[in-house]
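The values are calculated or read from the model by the stated rules, or taken from the named source; none is laboratory data. Not measured: the values here are computed from a predicted model. Virtual Cβ from ideal backbone geometry, glycine too; neighbours counted across all protein chains shown.
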Amino acid sequence: MLDKDGKACKLDGMAFMKRFGCYYQRTCQLSDDYFRCMYSSVLDDEGSALMADPRKNELTQFFKTSTEEEKLGLAFIDDATGFGVFALQAFKKDDYVCSYCGLLAGSDNIKDQARNGFVMTIMPLDKLPFKTDASLYRSLGGFLNHAEPDVANTTPEHIVAKGAPMVAFVANRDIAVGEQITYDYRGRLHAIYCEKNIPTFKAMGPLPAAQLAALQKA
């Protein structure tokens, strides 16, 4: 992580919690209401098709074996934007980049999206009425910033890993070292939050060479 003062450091779990007020976790937390619903939905035709998709299974394996924490770094951008995720190594088109993890819970148990930028509504199975809330449990995907469709360098794809529907971000073009990792928030991602906030987002440039070197060293 590169903080507001330009100091680079490597965070362990406790330091991450103190800095961001949430737990770093690269798997989803499963709520009780999720368990009550999932098996009847996942095992129907829609769920079976997802589980049998070779590309989804490939992405799931990439997720399980990924060392994304060594390939990506968090860096403070400005007070309005907060932190962003930057590539410390190059990625090729179609590479797995990172995941979006949090608490899977029903719509009634999720904070108002208009006030919460950490709720992702995209799910692999339309019949599962759940959202991923990364307010308390968060992976690097929860720090990705918005970019317009012609600028965004990753695309979210559905996978199922460790019994949970998840979102994996996949490079939609080659990504250079130092480039900020972004995706288009629109669609079923942050739907209400996007309508309110996207006009205020601005294009982000690459990480300056000195800051990139500091992150890579850390």
Among the numbered criteria (1) surrounded by 12 or more Cβ atoms within 10 Å (Cβ to Cβ); (2) modelled with pLDDT of 85 or more; (3) outside any strand (DSSP E or B), which one does M51 miss?
(2)
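Looking only at the stretch 70-78, decide whether some residue is crowded, with 17+ Cβ neighbours inside 10 Å, of a type outside the set (S, T, Y) and modelled with pLDDT under 80.
no
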When you scan the stretch 126-147, do you find a residue that is under 16 Å from the mean Cα position of the chain (by Cα), modelled with pLDDT under 85, more than 18 Å from C28 (Cα to Cα) and among the charged types (D, E, K, R), even just one?
no
Out of the residues in the stretch 67-82 that are outside any helix (DSSP H, G or I) and over 15 Å from the mean Cα position of the chain (by Cα), state the one that is nearest to D5 (Cα to Cα).
F76
Tabulated pairs, the stretch 89-106, first farther than 17 Å from G141 by Cα, second in a loop (DSSP other than H, G, I, E, B) and polar (S, T, N, Q), C-beta under 6 angstrom, 6+ apart or interchain
A105/S31
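Pick from K64, K10, K18: which is surrounded by fewer than 17 Cβ atoms within 10 Å (Cβ to Cβ), in a helix (DSSP H, G or I) and at pLDDT 90 or above?
Going through K64, K10, K18 in turn, just one is surrounded by fewer than 17 Cβ atoms within 10 Å (Cβ to Cβ), in a helix (DSSP H, G or I) and at pLDDT 90 or above: K18.
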